[in-house]
Amino acid sequence: MTAPTRDQLLRLRRTLLAYTASLLHLVLCWLAFWAGFMSISLGGMAVLTFVVMVLGVLFMLAIWLNLNLRFHDPSMTQAQMCWAIAVVFVSAYFVDTLRPLFLMMALVVLMFGAFHLRFSGYLRIGLFVVLCYALLMFALYRRGAPIEPRVELIQALVFFTLIVGVSMLGLEMSNLRTTLQQRNRDLHQAVERVQHLAITDELTGLYNRRFAKELLAQQKALADRGQYDFVVCLVNLDLFKAVNDRFGHAGGDEVLRQVAQLFRQVVRDVDFVARLGGEEFLLLLSRTDSAGAELMVERLRQTLRETAWEGFPDLRLTLSVGISAYRVEEPWEETLQRADAALYQAKAKGRDRVEMQ
Ligand SMILES: Nc1nc2c(ncn2[C@@H]2O[C@H](COP(=O)(O)OP(=O)(O)OP(=O)(O)O)[C@@H](O)[C@H]2O)c(=O)[nH]1
């Protein structure tokens, strides 16, 4: 059997709470019984106790075995409340003078609705309470219990006023809970968005310079620990100023976006692409050496040169690349500096080429 989920554990905890409340109610019944306030036999008390205890355990067992997940409301809130209210009314049937006090236990049951019930749920439970009350009165009348109509009327009015009041309070708490849950979800989404923004380059959607540094540090840690190579490639688009001059800054932005998309497609899943700024990119190729990196970059250079850019049919782009393989135990800044020097060389030698250091 799989471990219960967080939601199931929460349901279990609430059901245990409700079970504890019904056990307390049973204790009160037994106290009233011993004090001579209950017109029920010892056998009757035993049956009542047994039924209450077993049904409570059954509710918990249903959650433990995930049977509740088949129901429309897996918390079984209404079922548990109806059951607890029925117990309150059954015990109230057997206490005579203390009946109004025992009925007050129904208010405790209603508070449990604050965990889950909406207005319609409270309405249904309210109707169930009315039904139970009517049945109780009918049963007492049939039994020939002493009923004083004026007293009963006042008691009923007080009882239902309290029921309505507590239900409204419970409903308010339930609404508050729903609002808080929604806020929590919104907050969670906002945090995720902020986290995403913190590591992403706004224009291209690639990783940004800040996160690139973190990636380099991570790769260095992995490489220093064992059999792991990585290569840093600094990629710079050639004469990008001319692209901006020709198509405007917005056009240049669009070209950068398409270039980023192409980089993403060309590298493997285990590699990382970041935009360091302007028209400069970093390719972090993991689990590879300089020779592997050169092959990959040559392929990228070729693809870029042959790409037809959407919206810029006669644009031809080239790039210069500086490659440097990480040397164990050196600071990653040094690897980056070598790649930068190699890139400088590539530019100096006429662009559209790959240099290695
Ligand atoms: N559209 C756009 N252009 C940018 C962005 N960042 C930098 N640039 C432009 O990129 C160009 C870079 O120009 P240079 O540094 O002279 O380099 P280059 O023209 O690519 O020439 P080389 O690097 O020497 O091949 C400038 O025109 C910048 O305005 C950006 O985010 N969007």
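All of the numbers you see were taken from the coordinates with simple rules; none came from a lab. Nothing here was measured: the structure is a model prediction, and the numbers come from that model. All Cβ positions, even for glycine, are placed from backbone atoms using ideal geometry, and neighbour counts span all protein chains on display.
For the chain, the longest principal axis of the alpha carbon atoms and the long axis of helix 209-225 meet at an angle near 90°. Taking other Cβ atoms within 10 Å as a rough exposure proxy, Arg124, Arg183 sort from fewest to most as Arg183, Arg124. The phi torsions of region 338-349, fed into the Karplus equation with coefficients 6.51, -1.76 and 1.60 and a -60° offset, translate into couplings of 5, 4, 5, 5, 5, 4, 4, 4, 4, 5, 5, 7 Hz, rounded to whole numbers, with Gly and Pro shown as x.
With an a/c value of 1.5 or above and a/b larger than b/c for the gyration tensor axes a ≥ b ≥ c computed over the alpha-carbon atoms, the chain is described as prolate. Specify the angular offset, from 0 to 90 degrees and rounded to the nearest 10, of the alpha carbon long axis of helix 290-306 from the longest principal axis of the alpha carbons in the chain. Compared with the principal axis, the helix lies near 90 degrees. Only DSSP H runs of four or more residues enter the estimate; each adds -39500 (n - 2.57), and after division by the residues of the chain the mean residue ellipticity at 222 nm equals -23000 deg cm²/dmol. Within straight-line reach of Lys241, meaning a Cα separation under 21 Å, sit the following lysines at least 8 residues removed in sequence or on another chain: Lys347, Lys349. Amide H contacts of Met356 (H built 1.01 Å from N, in plane; Pro and chain starts excluded): Ile323 sit under 5 Å, all sequence-distant by 5 or more or on other chains. Between the helical axis of 119-143 and the longest alpha-carbon principal axis of the chain there is an angle of about 20 degrees.
Computed 3J(HN,Hα) for region 13-25, one whole-Hz value per residue from the Karplus formula 6.51 cos²θ - 1.76 cosθ + 1.60 where θ = phi - 60°, is 5, 5, 5, 5, 4, 5, 5, 4, 4, 5, 5, 4, 4, glycine and proline marked x.
Across all directions, the shadow cast by the convex hull of region 209-356 built on its C-alpha atoms averages 8.3 square nanometres. Magnitude of the charge dipole for the chain, about its Cα centre and with charges confined to Cβ atoms of Lys, Arg (+1) and Asp, Glu (-1), is about 1240 debye. Using every pair of distinct Cα positions in region 6-192, the Kirkwood expression returns a hydrodynamic radius of 18.0 angstrom. With both labels modelled 7 Å from their Cα along Cα-to-Cβ, the Ser290 to Ala139 distance reads 9.1 nm. For Thr200, the residues whose modelled amide H falls within less than 5 Å of its own, excluding neighbours fewer than 5 places apart on the same chain, are Asn208.
If you take the square roots of the eigenvalues of the alpha-carbon gyration tensor of region 160-279 and sort them as a ≥ b ≥ c, do you get rounded (a/c under 1.5), prolate (a/b over b/c) or oblate? The shape class here is oblate. Other residues lying with their Cβ under 14 Å from the Cβ of Val109 contribute a combined charge of +2, Lys and Arg counting +1, Asp and Glu -1. Rounded if a/c is under 1.5, else prolate if a/b beats b/c, else oblate: with a ≥ b ≥ c from the C-alpha gyration tensor eigenvalues square-rooted, which is region 103-229? Prolate shape, in that a/c is at least 1.5 and a/b is the bigger ratio.
DSSP assigns beta bridges within the chain; of those with both partners inside it, close to 85 percent run antiparallel. Between the C-alpha center of region 66-143 and that of region 326-357 there is a gap of 77 Å.
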